Amino acid sequence: MKLHLLGFIVLSIATQSLYGQTTRQQEAAEDFYKNKKLTNTNSWYWLFGPSNSQEDNDKYSIVNWDLEDGGWYSGQGSNEDYNGYGIQHKPKENSYVFSNWKNTSPNGMTLAQSLDYSFMGTYEKEEKNGFGITKWSNYKPFSNENYKNVIKYVGEYKDGIWSGYGIIYFRNGTYKSGIFIESILSKELPKIEVLEALGF
């Protein structure tokens, strides 16, 4: 767990913001999709880095697929599935998802961004699992009135929901921290204690 957190901290420090990071990747992805300049998997390091581009190079090839909704997928694939590192773009939501896909589902380290939502964290078994940071702008993450003004969650996920140590930040600048069960804050704890439990 702490090794994963260290990786996220290094990534966060290396990039000025999640928005800035994904914007640069979006531009690179758009250029690649339009011009199709890269023709072999050894070139795939331009998005995910050379240390992440080697593992599945022999199994998957670079593909460029148009999606029914006008979107596209560009990256590693096999048969008709996203498999390996790649980018999915859906214009209706103006969303981009960068992941190490497994059978067309996000897997492992994932960056996702749309007009109203951004996420940086890990996916496992088609759901957010492990540590993640989620930010909302206009989108309400829950119908629960207690959380209608939540703009950010930093903490642990299990099967797609807040589960474990976490911190929620509200639009008015306040926050609550503690242990979450099924996306409900069940036990409040000091923020420093939560950060220490998360490995910060």
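The values are calculated or read from the model by the stated rules, or taken from the named source; none is laboratory data. Keep in mind the model is a prediction, meaning the values are calculated, not measured. Note that each Cβ is placed from the backbone with ideal geometry, even for glycine, and that neighbours are counted across all protein chains shown.
Going through (1) closer than 30 Å to G164 by Cα; (2) modelled with pLDDT under 90; (3) surrounded by 19 or more Cβ atoms within 10 Å (Cβ to Cβ) one by one, Y117 falls short only on (3). Taking the criterion of being in contact with a Pro (Cβ under 7 Å, 6 or more places away or on another chain) and not small (G, A, S), would at least one residue in the range 80-97 satisfy it? Yes.
Among the residues of the range 177-188, is any touching a helix residue (DSSP H, G or I) at 6+ places or on another chain (Cβ under 6 Å), under 26 Å from N107 (Cα atoms) and either at pLDDT 95 or above or buried (at least 19 other Cβ atoms within 10 Å of the Cβ) (or both)? No, that holds for no residue. Taking the range 90-114 as the range and being surrounded by fewer than 21 Cβ atoms within 10 Å (Cβ to Cβ) and closer than 12 Å to G75 by Cβ as the test, only T104 passes.
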